[in-house]
1. Within the stretch 1-42, which residues are over 23 Å from residue 229 (Cβ atoms) and either aliphatic (A, V, I, L, M) or touching a residue at least 40 places away in the same chain (Cβ under 8 Å) (or both)?
2. Going residue by residue through the stretch 74-88, is there one that turns out to be surrounded by fewer than 18 Cβ atoms within 10 Å (Cβ to Cβ) and either among the β-branched types (Val, Ile, Thr) or at pLDDT below 95 (or both)?
3. Scanning for something surrounded by fewer than 15 Cβ atoms within 10 Å (Cβ to Cβ) and of a type outside the set (S, T, N, Q), does the stretch 110-123 turn up at least one residue?
4. Would you please list the contacts, defined by Cβ atoms under 7 Å and residues six or more apart or on different chains, that run from a residue in the stretch 251-269 that is of a type in the set (Val, Ile, Thr) to a residue that is outside any helix (DSSP H, G or I) and within 14 Å of the ligand (Cβ to nearest atom)?
5. Which condition does residue 336 not pass, out of (1) at pLDDT below 95; (2) in contact with a Ser or Thr (Cβ under 7 Å, 6 or more places away or on another chain); (3) more than 13 Å from the ligand (Cβ to nearest atom), if it passes all the others?
6. With the stretch 205-282 as the region, which strands (runs of 3 or more DSSP E) entirely inside it contain at least 1 residues that are within 13 Å of the ligand (Cβ to nearest atom) and surrounded by 21 or more Cβ atoms within 10 Å (Cβ to Cβ)?
7. Scanning the stretch 112-143 for residues that are aliphatic (A, V, I, L, M) and either assigned to a loop (DSSP other than H, G, I, E, B) or over 17 Å from residue 173 (Cβ atoms) (or both), which turns out farthest from the ligand (Cβ to nearest atom)?
8. Scan the stretch 366-397 residue by residue and report those that are within 15 Å of the ligand (Cβ to nearest atom) and assigned to a helix (DSSP H, G or I).
Amino acid sequence: MKLYSTNNPESRVSFKEAVFNSMPQDKGLYMPESIPRLSDTFLNNLDGYSLPEIAYHVANNLIGDDIPADDLKAIIYDAINFYAPIVKLEDKVYVLELFHGPSLAFKDFGARFMSRIMSYFLKAGEKQLDVLVATSGDTGGAVALGFLGVPNTRVTILYPKGKVSDIQELQLTTNGQNIRALEIDGTFDDCQALVKQAFTDAELNEKYRLTSANSINIARLIPQTFYYFNAYAQALKQGKSKVVFSVPSGNFGNLGAGLLAWKMGLPVERFIAATNANDTVPQYLKTGVYEPKPSVATLSNAMDVGNPSNWVRIADLFKDDADKLKTLIKGYSYTDEETSTAIQSIYDSYKYVACPHTAIAWRALKDYQQDANNEATGIFLSTAHPCKFPDVYEGEVAAHVEVPEQVKALQSRGKQAVALGKDFEGFKGYLLKNA
Ligand SMILES: *Cc1c(COP(=O)(O)O)cnc(C)c1O
């Protein structure tokens, strides 16, 4: 597999280089040089395959010779070891539950796959890989649990004190082994600034082989295609062959992966880009003007992105056919009030508790189905387990938020975090002392 930078279509790097660089020097994003169309035999018989079988087939076609088949198979079967079921809520409305991994969010797909790919590419005797990651909640948990126990890697997570939910904090701070958590007396932006500065610090780069677990890493995007194929396979089993996907979106990696699956031949009728008040993309789809804005805080805070970094990938996928992009993707955006109402409506209609991000995807699907009035079956993506956002629920809904066993197990473990200020010298001092 060769990749180019969206800022320089003539450039080429190997898969390994793209994974370790995360981002090209020219600040574009890596894209596969060619996107293979999967065979009709495979696509027409998807319902005969399991999620890891599908994942292996898709990854092998994309990545090709860079990883021998048996090694790739081992990586996939180790990384994708949980289910992603579609659950029927009504005749043409299904929810794709992507929260059955260790951190209870869809980011587990990307983080688990990326960690194993990175570890694989580190040759014997190479310097340990140190992942530095700033988190406002979900990313850190997925990365921590994704890298937990992965050989030759270590993760240092910076999170803002008092600004993540209790469950998120437990996921960050109870791991031990190769994971360490730094509780920063500051905001998420402060955490991110510390990480950024560390990457440019000569002394730290001498001691450490640093990498970011950035969401724009191509090794996080590829595994997110797997569940689109698998969801379609499950729809086929239910006799549904026309589907639309509604994707709750922030940085647009998830939707980007869906479009990649579509490019590989997955017959999706339409994608719905569902956002909160951070509506840069729905606005673009409506007006044709792409105008990034500063983010605003909402209830669905994992989607509070005003300038979605993966959008350049989507634009690049459709660079020869901008009209297709506008017919294939429909945009919808919602306020916090509409989000709360949607959570309540989902509960009232199906006795189902959805996280705020998921609720936005459901609302968008329902509105789309009303507008489009077509035959397709709608599948909306549930990106996180509701228990991760306990503060948004009220009354009867709050009483019905289930807490999975794996979370209860965390509650009995002690929090281990090193408290630091937001100054760079203190952070650097800690890293140098604990290299
Ligand atoms: C990260 C995240 C999103 C947004 O996904 P993108 O790929 O950034 O668009 C949506 N919901 C949850 C729960 C998330 O953690």
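1. Matches in the stretch 1-42: 6, 13, 14, 16, 20, 22, 23, 28.
2. Within the stretch 74-88, one or more residues are surrounded by fewer than 18 Cβ atoms within 10 Å (Cβ to Cβ) and either among the β-branched types (Val, Ile, Thr) or at pLDDT below 95 (or both).
3. Yes, because at least one residue in the stretch 110-123 is surrounded by fewer than 15 Cβ atoms within 10 Å (Cβ to Cβ) and of a type outside the set (S, T, N, Q).
4. 268/245
5. So the condition that residue 336 fails would be (1).
6. Strands (runs of 3 or more DSSP E) meeting the threshold: 243-248, 268-275.
7. Filtering the stretch 112-143 for residues that are aliphatic (A, V, I, L, M) and either assigned to a loop (DSSP other than H, G, I, E, B) or over 17 Å from residue 173 (Cβ atoms) (or both), the one farthest from the ligand (Cβ to nearest atom) comes out as 124.
8. 386, 387, 388, 390, 391, 392
The values are calculated or read from the model by the stated rules, or taken from the named source; none is laboratory data. As the structure is a prediction and not an experimental result, all values here were calculated from the model. Heads up, the Cβs are rebuilt from the backbone with ideal geometry, glycines too, and the neighbour counts pull from every protein chain shown.
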